[in-house]
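The values are calculated or read from the model by the stated rules, or taken from the named source; none is laboratory data. What you are looking at is a predicted structure, and each value in this text was computed from that prediction instead of being measured. Here Cβ is always computed from backbone atoms with ideal geometry, including for glycine, and neighbour counts include all displayed protein chains. Surface accessibility is based on the protein's heavy atoms, side chains included, excluding ligands, DNA and RNA. Shrake-Rupley method; radii C 1.70, N 1.55, O 1.52, S 1.80 Å.
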Protein chains: 2
Amino acid sequence: MASRQLHLGAFMRPTSLHTGAWRYPGAFPDSNFNLAHLTAFAQRLEAAKFDAFFMADHLAVLNMPVEALKRSHTVTSFEPFTLLSTLAAVTERIGLIATASTTFEAPYHVARRFASLDHLSGGRAGWNIVTTSNPDAALNFGLDEHMEHDERYVRAREFYDVVTGLWDSFADDAFCRDVASGLYFDPERLHVLNHKGTYFSVRGPLNIARPVQGWPVVVQAGASEAGRQLAAETAEVIFAAAPDLASGRAFYADVKGRLDRLGRPRGHLKILPGAFVVVGDTVQEAREKRARLDSLVHEESAIAALSIALGHDASRFDPNGPLPDIPETNDSRSARERAIELARREGLTVRQLAQRLGGYAGLAFVGTPSSIADEMQEWLESEGSDGFNIMFPFLPAGLDDVVDRLVPELQRRGIFRRDYAGTTLRDHLGLPRPPNQFFR
Amino acid sequence: MASRQLHLGAFMRPTSLHTGAWRYPGAFPDSNFNLAHLTAFAQRLEAAKFDAFFMADHLAVLNMPVEALKRSHTVTSFEPFTLLSTLAAVTERIGLIATASTTFEAPYHVARRFASLDHLSGGRAGWNIVTTSNPDAALNFGLDEHMEHDERYVRAREFYDVVTGLWDSFADDAFCRDVASGLYFDPERLHVLNHKGTYFSVRGPLNIARPVQGWPVVVQAGASEAGRQLAAETAEVIFAAAPDLASGRAFYADVKGRLDRLGRPRGHLKILPGAFVVVGDTVQEAREKRARLDSLVHEESAIAALSIALGHDASRFDPNGPLPDIPETNDSRSARERAIELARREGLTVRQLAQRLGGYAGLAFVGTPSSIADEMQEWLESEGSDGFNIMFPFLPAGLDDVVDRLVPELQRRGIFRRDYAGTTLRDHLGLPRPPNQFFR
């Protein structure tokens with residue numbers, strides 16, 4: 001086997017993240033609340049030896065205009081803690097990563113649910129720490145205005161300190177359960193946190209034994225300066241958003257450099273960009289699959305997405321023509337420039353560009369098992385990433401293509417495991433078990 | 001079959017609620033974090049056709065003196081949402097009731113997790129609404145002082161209105177998923193709650209389809225005036241604490257009378273007192289089992305419990321003698337009087353009384369399958385209850401005794417089902433599915 005190995009997570013919505021996916025031939029439009037489908041997906045991913053099943057999450061419905069909303073299956077689905085706990089019972093090895101917000105949750109609850117999921121799954125839990133950038137979510141939690149970006153990160157850091165402190169409430173050997181003497185646990189091996197900080201006051205201890213993994217694996221996705229620094233200090237996996245290899249390498253070098261300066265070993269944080277993977281018999285066939293998928297994004301919601309990206313009403317453009325010149329606005333310049341660049345590079349019509357943006361427009365590998373493996377290998381070997389969080393374009397066929405065709409090619413090349421070497425998510429990712437900060 | 005039927009819930013801690021249970025011969029001292037044991041218990045209860053598996057919960061560890069704490073297995077175990085979601089995957093019919101606090105949770109999260117559990121379990125979720133009376137819990141959620149009793153109930157009522165409103169965000173038929181037209185749901189069948197109240201401001205909608213049961217079953221345990229009224233207005237099951245049949249009948253008449261005055265059918269709220277059940281071949285053998293179990297409560301924690309009940313230091317009393325006369329104090333008079341009365345009635349020594357209070361001292365049925373069935377039938381037929389939430393004295397043997405010996409006796413008498421008639425918890429309890437308050 002090659003020395004560097006890919007780590008693969010599956011970043012899941014039950015019907016795919018692509019808003020047209022529920023209309024793709026063979027799709028299960030009802031997957032959002034159909035546990036049988038989710039169970040089959042998780043079991044297939046485990047059979048393919050994926051590191052983790054990573055559940056996407058949102059805390060609101062109204063995060064897009066209603067014209068787009070009513071066309072999309074992405075607005076409702078199972079809640080992550082409950083779903084992943086159910087999947088824990090029907091899988092044995094695959095990691096289970098849930099998203100929990102540091103802005104809208106209480107640290108005692110979060111510490112408790114992840115610790116419980118870790119016990120229930122035999123050490124397979126991971127916590128995707130998000131600060132929740134969606135202002136619609138604030139309105140569901142009694143806040144009229146969303147917390148300012150940098151303040152969210154200061155709060156996230158304190159939240160993390162409380163949660164990890166609570167996980168360490170009991171020493172690993174605290175529970176002696178000595179039937180003869182009647183001592184259930186050693187009170188000397190119990191730590192009362194007594195945290196009093198800026199945002200939180202939490203006495204502790206947690207009412208759960210120390211998790212199987214010590215701490216569930218900590219995952220983050222922040223890409224801003226504050227997000228990168230928080231990740232370098234605390235994360236063990238970064239779910240990165242790198243649009244291409246050059247920017248992926250720059251991000252990788254930046255974050256791993258931060259680890260060097262913090263004295264953290266580089267291997268203790270895995271960088272796994274999200275990647276949309278479409279497999280075909282030929283590159284052309286894969287592209288046709290993607291074009292067909294994009295064409296299933298309804299024009300109303302596609303044009304709405306394009307208008308948002310451009311900061312300009314796109315409904316008057318000729319949908320069959322090329323993108324006209326757009327005057328600059330005060331809206332996000334980077335989204336506008338990315339859209340214009342994408343249209344030029346792929347020669348897309350206005351409709352095609354709109355449907356791409358309304359579906360999925362980030363990093364994508366579209367080709368044959370061999371060509372995609374080439375790309376993944378290049379990312380791995382040139383330090384663009386330590387693997388990927390794969391997003392399936394449509395389900396179940398898009399997942400089957402990856403599991404049946406791409407994974408064997410990666411295994412043949414010796415850059416992905418043929419079997420799990422251990423039992424916990426930390427084992428799969430090659431991460432150390434954190435020592436208890438209060439007990440030796 | 002008789003017209004009135006018992007409903008049976010199992011009120012569970014993984015190692016029993018009795019603090020001596022982990023030391024009982026044959027017990028599993030490690031059940032708190034051993035999923036295999038919990039799975040077996042849930043599957044056995046389902047085979048016996050129990051209405052529900054009801055998970056006890058606490059939001060703090062330090063709710064008893066450390067001398068008692070270190071002797072007790074009741075301070076740590078799985079978190080209810082994660083545990084019940086896991087058990088949903090390994091059971092098919094039994095209801096799954098989780099406790100969630102209206103004082104320390106956010107309604108959007110609570111609405112979402114119960115809706116998700118209901119979808120994942122095919123309509124088996126129940127919400128035990130608690131206002132959390134434990135002041136130690138407040139310290140884990142940033143509150144130095146616990147919210148005042150009546151204010152907690154006003155908040156609970158608003159919390160309930162928000163949660164049920166969120167469950168009704170989508171009409172039952174909102175998700176049309178019309179592949180041809182690209183319409184995933186009908187926006188006319190989506191309700192935005194826009195709740196702005198005293199304690200909560202929640203826009204909605206919930207990002208989950210309407211639960212299978214419409215609403216998960218609503219359970220409450222409050223016994224105060226405010227608690228009874230909230231239950232009469234909103235609950236579908238009351239987990240009552242009735243020390244004997246006379247007080248059970250008084251409670252039953254009071255609450256059902258409140259339903260009459262509210263115009264709610266009496267059958268829409270089931271009153272299920274907690275009952276500790278110890279089965280033996282003879283009444284004498286059952287009593288000996290209980291005495292043996294009580295004797296496993298360590299004297300240190302037993303005396304601490306007695307001192308709390310009496311409002312008086314009991315450590316100087318002769319443990320082998322009868323309870324001496326106790327001067328009155330400012331502490332809870334009813335706990336003191338109950339302890340004195342119990343000691344007199346059963347002729348208990350100080351040690352025995354202390355161990356009873358340190359273990360479990362509420363309503364108990366201790367006898368043969370036939371004598372216990374007699375008692376349960378009397379409660380049922382004299383309107384003391386609609387069934388019971390059974391608490392097992394020790395596990396697994398105490399559960400096996402109920403499942404293998406008591407349940408067949410109840411079935412033989414025609415007062416408990418031989419099989420489930422439906423698939424949801426509402427079906428088991430004979431409760432109607434609530435209509436959506438915003439859509440016909």
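How big is the B/A interface in buried accessible area, both sides summed, 1.4 Å probe, to the nearest 100 Å²?
Between B and A, the summed buried area is about 6300 Å².
Using the beta-carbon distance between A:Asp186 and B:Arg292 and R0 = 22 Å, what value does 1/(1 + (r/R0)^6) give for FRET efficiency, to the nearest 0.05?
Values: r = 26 Å, r/R0 = 1.19.
In this case the efficiency is close to 0.25.
When the chain is fully extended, how far beyond the present Cα-Cα distance does A:Ile340 get from A:His146, taking 0.36 nm per residue of separation?
66.8 nm
Once you average over the residues of A:66-73, how many Cβ atoms of partner chains fall within 10 Å of each Cβ? Please list the in-between numbers first.
Numbers: counts 2, 1, 0, 4, 11, 5, 3, 4.
What the average comes to for A:66-73 is 4.
Quickly estimate the mean residue ellipticity at 222 nm for the protein assembly as shown, helices only: each DSSP H run with n ≥ 4 gives -39500 (n - 2.57), and the total goes over all residues, rounded to 500. Before the final figure, lay out the partial values.
Numbers: 32 runs with 341 residues, N = 880.
Calculated at 222 nm, the ellipticity per residue is -11500 deg cm²/dmol.
Starting at the first residue of the stretch B:415-422, write each ³J(HN,Hα) from the Karplus equation 6.51 cos²θ - 1.76 cosθ + 1.60 with θ = phi - 60°, in whole Hz, x for Gly and Pro.
Result, ordered by residue: 10, 8, 4, 8, 8, 5, 8, x Hz.
So if I place +1 on the C-beta of Lys and Arg and -1 on the C-beta of Asp and Glu, and nothing else carries charge, what would the dipole magnitude of chain A be about its Cα centre? I want it in debye, nearest 20. List each step's numbers first, then the result.
On the way: 47 positive and 55 negative charges, 152 e Å.
The calculated dipole for chain A is roughly 740 debye.
Residue by residue through A:117-125, how many Cβ atoms from other chains fall within 10 Å of the Cβ on average? Walk me through the numbers on the way to the answer.
Values: counts 7, 2, 10, 10, 3, 1, 0, 0, 1.
Per-residue shielding by partner chains comes out at 4.
Ignoring ligands, DNA and RNA, how do A:Glu158, B:Glu328 rank by accessible area with a 1.4 Å probe, largest first?
Details: A:Glu158 20, B:Glu328 120 Å².
Ranked from most to least accessible, the order is B:Glu328, A:Glu158.
From the mean inverse distance of alpha carbon pairs (Kirkwood) and the Cα radius of gyration, derive Rg over Rh for the stretch A:282-362. Could the numbers behind the result be given before it?
Values: Rg = 12.2 Å, Rh = 12.7 Å.
Across the stretch A:282-362, the Cα-based Rg/Rh ratio is 0.96.
Nearest 5 is fine: what % of DSSP beta bridges in chain B come out antiparallel, could you say? Please report the intermediate quantities before stating the final value.
Details: 5 of 39 bridges.
Of the beta bridges lying entirely in chain B, close to 15 percent run antiparallel.
Inter-copy label distances at A:Arg412, 7 Å along the Cα→beta-carbon direction, one decimal in nm, shortest first?
6.8
For the stretch A:38-106 and the stretch B:233-286, compute the distance between their C-alpha centroids and round to whole Å.
Cα centroid of the stretch A:38-106 versus Cα centroid of the stretch B:233-286: 40 Å apart.
Between A:Ala232, A:Ala89, A:Thr99, whose Cα lies farthest towards the positive end of the dipole of the protein assembly as shown when Lys and Arg beta carbons carry +1 and Asp and Glu beta carbons carry -1, centred on the Cα centre?
The one lying farthest along the dipole's positive direction is A:Ala89.
Spelling out what I want: for every residue of the stretch B:150-159, take phi, set θ = phi - 60°, compute 6.51 cos²θ - 1.76 cosθ + 1.60 (Karplus), and round to whole Hz; glycine and proline get x.
Taking θ as phi minus 60°, the curve returns 5, 5, 4, 6, 5, 4, 4, 5, 5, 4 Hz for the stretch B:150-159.
From the label point of B:Glu225, set 7 Å along Cα to the beta carbon, how far off in nm is each other copy's matching point, shortest first?
For B:Glu225, the other copies' label points sit at 6.0 nm, shortest first.
Please find the FRET efficiency linking A:Arg413 to A:Glu67, where r is the Cβ-Cβ separation and R0 is fixed at 60 Å, and quote it to the nearest 0.05.
On the way: r = 45 Å, r/R0 = 0.75.
With R0 = 60 Å, the Cβ-Cβ based efficiency is 0.85.
Charges at C-beta only: +1 for Lys and Arg, -1 for Asp and Glu. How large is the resulting dipole of the stretch B:1-110 about its Cα centre, in Debye rounded to 20?
On the way: 8 positive and 8 negative charges, 73 e Å.
With only Lys, Arg, Asp and Glu charged at Cβ, the dipole is about 340 debye.
Against the longest principal axis of chain B, how steep is helix B:283-295, in degrees 0 to 90 to the nearest 10, with axes from Cα atoms?
90 degrees
Per-residue Cβ counts within 10 Å, from other chains only, averaged over A:32-44: what number is that? Walk me through the numbers on the way to the answer.
Numbers: counts 7, 10, 1, 6, 0, 0, 1, 1, 0, 0, 0, 0, 0.
Per-residue shielding by partner chains comes out at 2.
Dipole of chain A (Lys/Arg Cβ +1, Asp/Glu Cβ -1, origin at the Cα centre): which of A:Ala40, A:Val279, A:Ser334 lies farthest to the positive side?
The one lying farthest along the dipole's positive direction is A:Ala40.
I need the phi-derived Karplus couplings for the stretch A:423-436: 6.51 cos²θ - 1.76 cosθ + 1.60, θ = phi - 60°, integer Hz, Gly and Pro marked x.
Once θ is set to phi - 60°, the couplings for the stretch A:423-436 become 10, 9, 4, 4, 4, 4, 8, x, 9, x, 7, x, x, 5 Hz.
In the P(r) worked out for chain A, what percent of Cα pairs fall beyond 32 Å? Don't jump to the answer; show the numbers that get you there.
Numbers: 37728 of 96580 pairs.
It works out to 39 percent of all Cα pairs.
With every protein chain left in place, what is the accessible area of B:Thr74 in Å² (1.4 Å probe, nearest 10)?
Rounded to the nearest 10, that gives 20 Å².
For the stretch A:282-362, give the magnitude of the charge dipole about the Cα centre (Cβ charges: +1 Lys/Arg, -1 Asp/Glu; no others), in debye to the nearest 20.
260 debye
Taking a label point 7 Å out from Cα toward Cβ, give me the nm distances from B:Pro265 to the same spot in the other copies, shortest first, one decimal.
With the label placed 7 Å along Cα→Cβ, B:Pro265 yields 6.6 nm.
With the other protein chains left in place, how much accessible area per residue, in square angstrom, belongs to the stretch A:282-362 at a 1.4 angstrom probe?
On the way: 4480 Å² over 81 residues.
Dividing the accessible area of the stretch A:282-362 by its residue count gives 55 Å².
Which one, A:Val163, A:Gln437, B:Gly398, projects farthest toward the positive side of the charge dipole computed for the protein assembly as shown from Cβ point charges (K/R +1, D/E -1)?
Looking along the dipole axis, the top candidate is B:Gly398.
For chain B, find the longest principal axis of its Cα atoms and tell me its angle to the long axis of helix B:225-234, 0 to 90°, nearest 10.
Relative to chain B, helix B:225-234 is tipped by roughly 40 degrees.
Checking a compactness column here: for the stretch B:331-414, what do you get for Rg(Cα) / (2.2 N^0.38 Å), N being the number of residues? Don't skip to the answer; put the middle values down first.
Details: Rg = 15.3 Å, N = 84, 2.2 N^0.38 = 11.8 Å.
Compactness ratio reported: 1.29.
For a Förster distance of 22 Å, can you work out the FRET efficiency between the beta-carbons of B:Ser224 and A:Tyr199, rounded to the nearest 0.05? Intermediate results must be reported in sequence, preceding the final value.
Working: r = 34 Å, r/R0 = 1.53.
Given R0 = 22 Å and the Cβ-Cβ separation, E is 0.05.
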